[in-house]
1. Between Lys198 and Glu143, what length in nm is gained on full extension when 0.36 nm per residue of separation is reduced by their alpha carbon distance?
2. Taking the Cα-to-Cβ direction at Phe175 and at Arg106 and moving 7 Å from each Cα, how far apart do the two end points lie in nm?
3. Which of the chymotrypsin sites (Phe, Trp or Tyr not before Pro) found in segment 181-269 are in a DSSP loop and have at most 13 neighbouring Cβ atoms, other than their own, within 10 Å?
4. With a Förster radius of 51 Å, plug the Cβ-Cβ distance of Phe95 and Ala246 into 1/(1 + (r/R0)^6) and report the FRET value to the nearest 0.05.
5. State the Kirkwood hydrodynamic radius of segment 168-332 in Å, one decimal place, computed from all pairs of distinct Cα atoms.
6. With each label point set 7 Å from Cα along the Cα-Cβ vector, what nm distance links Ala66 and Ala124?
7. Roughly how many nanometres apart are two label points built 7 Å out from the Cα toward the Cβ at Arg5 and Arg276?
8. For the cross-link pairs Lys35/Lys70; Lys187/Lys222; Lys222/Lys281; Lys132/Lys224, which exceed 31 Å when the distance is taken from alpha carbon to alpha carbon?
Amino acid sequence: MSVFRRSDGRWIVKTKGADGKWRQKTFASEAEARKADAGEAQQERAGSRLTLAEVVVKYVQSRQMAASTKSQYAWIVAGSGERAKNGKPEGYAQFLADRYADSLTRSDLEAFREKCRAGGCTPASVDIWESKLRAPLKWAASEELIAADPWGRFSRIKAPRGRRSDHADDFRRVFPFLRPWLQWAAKTAVLLALRPGKAELWDLNWSSVDFGRGVVSVYMPKVKATKTAYPPQSWLDEARIRFEAAGSDRNAPVCPKRDGTRLQSDVRYQWRTACRRAGVKPFPFYSLRHIAATEMLAAGADIAAVAAALGHSTPTTTLRAYAHAMPEAQKAAMAKLDGVWKEKS
């Protein structure tokens with residue numbers, strides 16, 4: 001190991017890895033560089049330097065995780081598992097598993113990202129896998145199991161938001177082919193602008209519906225907040241009929257299956273089947289929320305009202321995600337500038 005100063009004023013600590021190759025880390029001050037150098041020396045003397053795989057194991061053991069999450073961590077550094085059956089036996093970070101965790105470099109991070117992309121990951125998926133790998137490194141540094149988080153100084157590449165291309169016309173074509181219970185669920189998702197998953201749509205109870213005021217209170221676990229939805233009267237009228245048919249049980253689900261069960265385990269299959277029967281390229285059931293947003297904006301609805309309907313914390317969030325869905329509103333706004341240079345009569 002050695003510490004020296006570069007011509008640009010930064011400090012460098014060079015270390016020799018287990019593979020015999022020299023690596024270096026950059027620090028802003030001599031104190032930081034000396035501290036890191038001392039940490040490296042102490043770990044080498046104690047023989048306690050941890051590999052990436054060892055850090056991941058300790059991280060998983062220190063936390064309560066679902067079995068599926070543990071399997072993901074096992075696969076990312078060791079491979080095998082279900083992905084082996086799909087022709088992807090090698091974990092995205094398996095090539096780094098035996099490297100000392102605190103010796104990982106920016107090049108290693110970029111190589112990991114490229115490995116994800118080569119495995120068919122979308123930008124969003126790359127971001128998810130990177131977050132999973134960064135978490136153990138950050139934890140190990142906070143627990144002083146490694147001298148410092150090797151990737152802590154490097155920014156994450158945020159996955160760009162793609163434009164939503166799902167249109168209400170496709171939904172109208174698909175709707176007649178849906179089973180009755182799924183038709184009602186789809187209408188509820190659109191007219192209440194819900195995230196059509198278990199947390200918001202399928203767990204919605206009649207206790208959340210206030211027929212007197214014509215409002216629905218929806219808890220959104222994703223953002224840990226409750227929004228108030230104002231569905232049209234047509235939805236409230238049909239909802240009241242269904243509520244009474246359910247025995248006016250306030251704890252019953254608003255959108256049950258035909259047999260009254262709550263968990264919609266076959267939604268994806270039923271939805272994709274209806275898409276194919278309608279001759280529409282299958283798009284996610286989740287897109288109903290985006291269809292609701294784009295239709296409101298295209299109709300000229302106030303951006304603040306749309307943000308409230310979606311449960312966004314600020315209109316800025318809505319604008320960032322759906323600006324492309326407002327061409328008519330933008331045209332109308334720009335038309336008001338015509339003749340702005342003329343004197344008012």
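1. Details: separation 55, 0.36 × 55 = 19.80 nm, distance 3.59 nm.
Contour length minus the Cα-Cα distance gives 16.2 nm.
2. 5.3 nm
3. Values: sites: Trp181, Trp184, Trp202, Trp206, Phe211, Tyr219, Trp235, Phe243, Tyr269; in loops: Phe211.
Of the chymotrypsin sites (Phe, Trp or Tyr not before Pro), the ones in loops of segment 181-269 whose Cβ has at most 13 other Cβ atoms within 10 Å are Phe211.
4. Details: r = 55 Å, r/R0 = 1.09.
Efficiency, rounded to the nearest 0.05: 0.40.
5. Its Kirkwood hydrodynamic radius stands at 16.6 Å.
6. 1.6 nm
7. The answer from the label model is 7.0 nm.
8. In this structure, Lys35/Lys70 exceed 31 Å between Cα atoms.
Any read-out appearing in this document is the output of simple, stated calculations on the displayed coordinates, not a laboratory observation. This is a predicted model, so every value here is computed, not measured. Here the Cβ is made from the backbone with ideal geometry for all residues, glycine too, and neighbour counts use every protein chain on show.
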